[in-house]
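Student: One structure coming up, written as C-alpha cells, with questions to follow.
Coordinate-derived values only; no laboratory data. This is a predicted model, so every value here is computed, not measured. So basically every Cβ, Gly included, is an ideal-geometry build from the backbone, and we count neighbours across all protein chains shown.
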Amino acid sequence: MNKLLKILYNCRKATFMIEKRMVKPLTMQENLELRMHLVTCGVCRLYIKQSRKIDLMVKQILKSTPSANIRLDDDFKKELKVRIENELNKS
C-alpha cells in the first residue's frame, strides 16, 4: 500500500492527531495528513465533533465550584470505615 493510502485509511493515527491538536499544534506534515484523512473519513469527522463536545463539557465541570452542602451520609461513612478496617486486617 503506498504512503497516500496509508494516510487515508489510518483512523487510529487520525484520532491520535485529533486529540494531540487539542493539546498542542500539529506539525505541517501531521496537519496535512489529518486533513487528507478527514476528506475521506466521515467517522473521524464525527469523532472530532464528539471529542470537542466532551472536552468542552469536562472544562465546564472543572471550572464549576462544588457546592459546600455536599456531604457523605453518616451510614456510608461507617460502612466505608468498616470495609477499610477489614481490608487492613487481612494483611
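Student: Would you please give the FRET efficiency between residue 31 and residue 64, computed as 1/(1 + (r/R0)^6) with r the Cβ-Cβ distance and R0 = 25 Å, to the nearest 0.05?
Tutor: That gives a FRET efficiency of 0.15.
Student: Also, I was wondering about something else. Need the full-extension length gain, residue 12 to residue 43, defined as separation in residues times 0.36 nm minus the C-alpha distance. One decimal, nm.
Tutor: Working: separation 31, 0.36 × 31 = 11.16 nm, distance 1.14 nm.
Roughly 10.0 nm would be gained on extension.
Student: Right, next: Considering Cα pairs under 8 angstrom that are at least six residues apart, work out the relative contact order of segment 7-48 and quote it in whole percent.
Tutor: 57
Student: Give a residue-ordered list of calculated ³J(HN,Hα) values for segment 32-47 (Karplus: 6.51 cos²θ - 1.76 cosθ + 1.60, θ = phi - 60°; whole Hz; x for Gly, Pro).
Tutor: 5, 4, 5, 4, 5, 5, 5, 4, 9, 10, x, 5, 5, 5, 5, 4
Student: Treat each spin label as a single point 7 Å out from the Cα along the C-beta direction, and report the residue 53 to residue 84 distance in nm.
Tutor: Distance between the two pseudo-spin positions: 3.9 nm.
Student: Can you work out ³J(HN,Hα) from phi for every residue in segment 12-29, in order, using Karplus 6.51 cos²θ - 1.76 cosθ + 1.60 and θ = phi - 60°, giving whole Hz and x for Gly and Pro?
Tutor: 4, 5, 5, 5, 4, 5, 4, 5, 4, 6, 7, 9, 8, x, 7, 5, 4, 5
Student: Given points 7 Å out from each Cα along the Cα-Cβ axis, report the residue 73 to residue 20 separation in nanometres with one decimal.
Tutor: 4.8
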